[in-house]
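This report concerns only the one structure given below.
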Amino acid sequence: MRSALKLLSTLVVAVTLAGAPVAVGAAFAQNPTQVGENPSGDNPTADSVNEEYLFKQDSKIHGRVSIPDQKAANLIQPQGREYRAFHERSLPWIAGVVILGMIVVLAAFLLIKGRMASPRSAEKITRYNAFERFNHWMTATCFIVLALSGLNYIFGKRLLMPLIGPDAFGTASQLAKYAHVYLAWPFMLGVLTMLFVWVKDNIPNRIDWAWLKAGGGVLGGHAHAERFNAGQKVIFWMVVGFGLAMGVTGIAMLFPFALVDVNGMQLMQIVHASIGALFIAGIILHIYTGTVGIEGSFSAMGSGEVDLAWARAHHDLWVEEQQAKAGGGPRLKGHPQPAE
Amino acid sequence: MKAFLIALVAAVAIGFVASVVLSGSQQLAYQKFATSGVRISEPGTNLVGHKWNGDPTPADFTNETREKAEDARADSKGS
């Protein structure tokens with residue numbers, strides 16, 4: 001009898017253990033509540049404060065800090081995401097297309113049309129005095145450093161770092177950043193000086209319109225020009241306009257939170273980088289026309305003197321004006337041959 | 001060539017002056033926002049408890065402890 005009871009109790013325990021998982025599974029099957037979900041079916045955080053709600057109160061989500069820098073309390077500002085998307089995705093493409101596009105167009109132009117030939121003579125005429133050349137080269141050398149260090153901000157980690165490694169890239173970028181910040185000042189000074197020195201010769205007029213219609217002599221025929229032709233005036237106003245814009249936006253970033261807040265600085269960076277890409281493309285065009293594009297043009301900024309026949313071919317009205325001022329001097333009779 | 005070399009020297013010289021002026025007028029963040037201390041809770045309390053044993057209790061946050069802390073701070077400023 002005792003052993004029968006023991007056997008019966010053992011069977012009951014065994015059946016219970018074997019059937020328990022099945023019973024629990026059946027119970028879960030009756031109740032569709034998933035693990036981790038509130039059994040009552042309510043969402044306990046439905047009425048809690050969320051990101052969408054907070055953005056209805058303010059444009060930013062910020063907490064509270066006891067340190068003096070209250071900006072440290074800023075947690076989320078949506079414009080930062082837009083800025084990051086522009087800086088990391090759009091900007092490299094924009095800058096790459098604009099700059100490489102200009103190089104490709106100029107290379108194609110050079111291959112198809114060749115260098116623009118100019119007539120030669122044995123006489124020279126002063127094109128730019130020493131101060132003009134000094135200011136041009138100061139601005140130009142600063143611009144090249146600013147352009148390269150600026151491009152490093154966009155393309156450095158993508159192109160340069162894989163080549164030289166992160167340590168060398170970090171050191172180079174730090175030095176480039178110093179160069180960018182400090183050489184911006186002589187560059188801005190140079191742009192302002194250019195404005196004051198050359199503005200009187202860069203006021204657009206009817207002659208420029210005729211020069212543009214003649215394609216600057218490239219399309220055939222002769223295009224009259226004063227000291228600066230319409231193409232040079234475009235470059236001048238681009239340098240002044242873009243230079244001042246780069247200066248203002250650069251200063252706004254150089255002194256954080258002094259002029260604008262974080263949103264303003266992000267906007268300044270977008271404007272600075274976009275204009276910078278266009279500026280570099282425009283200066284590449286300027287370098288092309290001043291060196292490879294037009295024969296005999298580099299000496300204007302090199303030695304300051306150009307061939308008199310070259311000057312009459314490209315700036316005939318200016319030559320006449322200079323000769324009238326000098327009260328004679330070397331004169332070439334008749335109209336010069338158009339530049340090819 | 002002479003104008004070019006003088007331009008290089010001038011650019012470096014103006015850049016150097018800019019570096020000196022900017023370095024003098026700007027402060028690093030840790031200098032500009034330096035503080036002598038940080039308040040992390042109400043006066044008289046802290047995150048590790050009144051006895052600094054890592055176990056703050058509601059008894060720590062009494063008016064008495066708060067006033068005591070305020071008095072101590074006033075004394076330290078006065079001295």
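Laboratory data are not the source of any read-out in this text; all were calculated from the coordinates shown. Since we're looking at a predicted model, the values are computed, not measured. Cβ atoms come from the backbone with ideal geometry, glycine included; neighbour counts cover every protein chain shown.
Brief remarks follow.
- Inter-label distance for A:LEU75 and B:ILE6, nm, one decimal - labels placed 7 Å from Cα along Cα-to-Cβ: 6.1
- Members of A:LYS113/A:LYS200; A:LYS113/A:LYS233; A:LYS124/A:LYS213; A:LYS157/A:LYS233; A:LYS60/B:LYS32; A:LYS157/B:LYS2 lying beyond 27 Å, as alpha-carbon distances in this model show: A:LYS113/A:LYS200; A:LYS124/A:LYS213; A:LYS157/A:LYS233; A:LYS157/B:LYS2
- For the stretch A:115-131, backbone phi angles converted through the Karplus equation (6.51, -1.76, 1.60; θ = phi - 60°) give residue-by-residue couplings of 6, 7, 6, 9, x, 10, 9, 8, 9, 10, 9, 6, 9, 10, 7, 4, 5 Hz, Gly and Pro being listed as x.
- In sequence order, calculated HN-Hα J values of the stretch A:71-86 (Karplus, 6.51, -1.76, 1.60; Hz; x Gly/Pro): 5, 5, 7, 6, 9, 9, 10, x, 4, x, 5, 5, 4, 5, 4, 5
- Neighbour counts of C-beta atoms inside 10 Å place A:LEU192, A:LEU151 in the sequence A:LEU192, A:LEU151, starting with the fewest.
- The calculated FRET efficiency for the pair B:GLN27 and A:ARG206, based on their C-beta separation and a Förster distance of 51 Å, comes to about 0.40.
- For A:SER118, distant residues with modelled amide H under 5 Å away: A:GLU295
- Going from the fewest other Cβ atoms within 10 Å to the most, the residues A:VAL145, A:VAL97 appear in the order A:VAL97, A:VAL145.
- Cα gyration tensor category, rounded, prolate or oblate, for the stretch A:103-242 with a/c compared to 1.5: prolate
- Using a Förster distance of 30 Å, the FRET efficiency for A:ALA85-A:ASN43 (Cβ separation, nearest 0.05): 0.40
- Peptide A:175-182 - average C-beta neighbours from other chains (10 Å radius): 2
- Counted charge near A:GLN77, where neighbours are those whose Cβ lies closer than 13 Å (Asp, Glu -1; Lys, Arg +1): 0
- From least to most packed, judged by other beta carbons within 10 angstrom and beginning with the fewest, A:TRP237, A:TRP310 follow the order A:TRP237, A:TRP310.
- Restricting the trypsin sites (Lys or Arg not before Pro) of the stretch A:79-172 to loop positions (DSSP other than H, G, I, E, B) with no more than 16 neighbouring Cβ atoms within 10 Å leaves A:ARG115, A:ARG120.
- Residues whose amide H comes within less than 5 Å of that of A:LYS124, counting only those at least five positions distant or on another chain, are A:LEU308 (H built at 1.01 Å from N in the peptide plane).
- Vicinal HN-Hα couplings computed from phi for the stretch A:314-322 (Karplus, 6.51 cos²θ - 1.76 cosθ + 1.60; Hz; Gly/Pro x): 10, 9, 4, 5, 5, 4, 4, 5, 5
- Distance in nm between pseudo-label sites at A:HIS222 and A:GLU305 (7 Å out along the Cβ direction from Cα): 2.4
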